[in-house]
Amino acid sequence: MNMHTADAVTAEESIAIQERQAAFDSKAATAVAMQDTLLTPRFYTTDFDELDAIDVSSVREDWDKLIAQMVSDPNKGHFKKNEDWDHVDWDGMDPTLRKEFIDFLISSCTAEFSGCVLYKEMKRRGSNKDITQLFQLMARDEARHAGFINDALREAGVAVNLGFLTQKKKYTYFRPKFIYYATYLSEKIGYARYITIFRHLEAHPEHRFHPIFKWFQEWCNDEFSHGEAFALLMKTDPKLTSGGNVWWIKFFLTAVYSTMHVRDHQRPAFHAALGVDTDWYGHEVFTKTSELSKQIFPITLDIEHPRWARGLKRLQAANADIAEAKERGGLSGWLGKTWGSARAAAAFVSLYTIPSVPNRVPESPRLEPAY
Amino acid sequence: MGLLTKEVERAPCTVEISHKFESLHAHVRFDNGAVIYPGDEVKVQGPEIMAPFGEIVTEQRMATIFRASKLERLWTRLTGDLEVMELCEFSFSDEVTL
């Protein structure tokens, strides 16, 4: 009998099964001509020695609890299709919605996949047991999420192509602290995004146009734990969240929030089908993320400031103009792009310079998912 | 490694691609312990590798590593950080209007 990772007792075992097992179920895959989507994850390097030098002894108690919880893998049986996975009428779906929803799935799948590549690389290049174990566990979760989304895509007739390995790919570089700020926020905002949609659809099931949303609650609990791990990592070195680094934290908060705003506004049909007003959704997600990030960041953004909503709108408009100018090409396209970029930069500066709200960080950062 | 010149080296590697419901991943491990630095480019030789759905494929291949020049490595270290927003789930697709 083939063991499913869900039957594994320990994380190591679960990963070993993933690596060992080869069940053969390719008939369905080759039966239909599928639309091919080449997954294009990015490849990163960082200062692996710095990462390896992290000492978690100052947060040992919280750390061990969190790792034990991740090792016990409460979600191991969750990512399976069961009778709750309703039939999806892909052919009957409005073409615009279909396009936006598939884009949503592909970008989510790519992000999970890239996270997996990054975490695995950190695991492989390190020798500090605490750190390598954490990254191995997170790589496991990300690969599992990617597999689940991939399955939803297959149902829609979209085949993910992993052929990127045989293409030339460049490795870029991130400083470890930027990885902490960006991935911490990305995991926490990911949690806030998934749970906000999940709660909304609990109240309005008529808008649930695809069964994958039913899985969002447990899914986002994985994101939540990953965020917790990064909060603890940052806690090990007080310098990371004080002094000049507070300006970096503010930068990342502003950049992550405004990127999300711009991206979400590119999917109007998707949000309309969910019955969600994009601005309301953004505000809701920012409020939750800010509340969570108080566990480790000494500031939050003032998203109630009148300049905030205005700045986001300006950024969105500039971004749409840049895209339109790129499309146009030629000299007028170049001019349009330059002008758009200048306006986008000005909008970002306006957002960045809104005074932040100071916050007293608690002694222990640990939180449980509560939304 | 020169300031402006690139060097090319070959390294044996193990490629593992999982195209399973439980796990979608693809990893390359250099069998000779070769280490990748910022700005380096890597290309696995040979035809495209794709695991059929439900399978894990592991293959031994040769990889070509195009080493970045000193200048390029420095440049990547200085500017790579600018791309850090890619780590967010919602910032991957390039299409502004779908």
Members of region B:28-46 found to be part of a strand (DSSP E or B) and either of a type in the set (S, T, N, Q) or farther than 21 Å from B:L74 by Cα (or both), listed by number: B:V28, B:R29, B:F30, B:K43, B:V44
Residue in region A:152-164 that is free of Cβ contacts under 8 Å to residues at least 12 places away in the same chain and more than 10 Å from chain B (Cβ to nearest Cβ) present: no
Considering residues of region A:167-188 that are facing chain B (nearest Cβ under 7 Å) and assigned to a helix (DSSP H, G or I) only, the residue nearest to A:T289 (Cα to Cα): A:S186
Qualifying residue in region A:259-267 (condition: touching a Lys or Arg at 6+ places or on another chain (Cβ under 7 Å), charged (D, E, K, R) and crowded, with 19+ Cβ neighbours inside 10 Å): no
Residue in region B:54-68 that is outside any strand (DSSP E or B) and facing chain A (nearest Cβ under 7 Å) present: yes
Filter result for A:I354 (assigned to a loop (DSSP other than H, G, I, E, B), hydrophobic (A, V, I, L, M, F, W, C), under 25 Å from the mean Cα position of the chain (by Cα) and away from chain B (no Cβ under 14 Å)): no
Any hit, region A:127-138, residues being surrounded by fewer than 14 Cβ atoms within 10 Å (Cβ to Cβ), without any contact (Cβ under 8 Å) to a residue 40 or more places away in the chain, part of a helix (DSSP H, G or I) and touching a Ser or Thr at 6+ places or on another chain (Cβ under 9 Å): no
Residue within region A:1-10 that is in a helix (DSSP H, G or I), modelled with pLDDT under 55 and surrounded by 16 or more Cβ atoms within 10 Å (Cβ to Cβ) present: yes
Residues of region B:1-25 that turn out to be in a strand (DSSP E or B) and in contact with a Phe, Trp or Tyr (Cβ under 9 Å, 6 or more places away or on another chain), as a count: 10
Any hit, region A:350-358, residues being surrounded by fewer than 16 Cβ atoms within 10 Å (Cβ to Cβ) and in contact with a strand residue (DSSP E or B) (Cβ under 8 Å, 6 or more places away or on another chain): yes
Close pairs (7 angstrom Cβ cut-off, 6 or more residues apart or separate chains): within 7 Å of another protein chain (Cβ to nearest Cβ) and at pLDDT 90 or above in region A:97-111, assigned to a helix (DSSP H, G or I) and crowded, with 21+ Cβ neighbours inside 10 Å anywhere: A:E100/A:F270
Conditions (1) within 18 Å of the chain's Cα centre (by Cα); (2) at pLDDT 95 or above; (3) small (G, A, S); number of the one not met by A:S225: (2)
Which numbered condition A:W90 misses (of (1) away from every other protein chain (no Cβ under 13 Å); (2) more than 24 Å from B:I56 (Cβ to Cβ); (3) at pLDDT 90 or above): (3)
Test: residue in region A:131-143 that is within 7 Å of chain B (Cβ to nearest Cβ), closer than 17 Å to A:K76 by Cα and not acidic (D, E): yes
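The values are calculated or read from the model by the stated rules, or taken from the named source; none is laboratory data. The model shown is predicted, which means the values in this text are computed figures rather than measured ones. Reconstructed Cβ throughout: ideal geometry from the backbone, glycine too, with neighbour counts over all protein chains shown.
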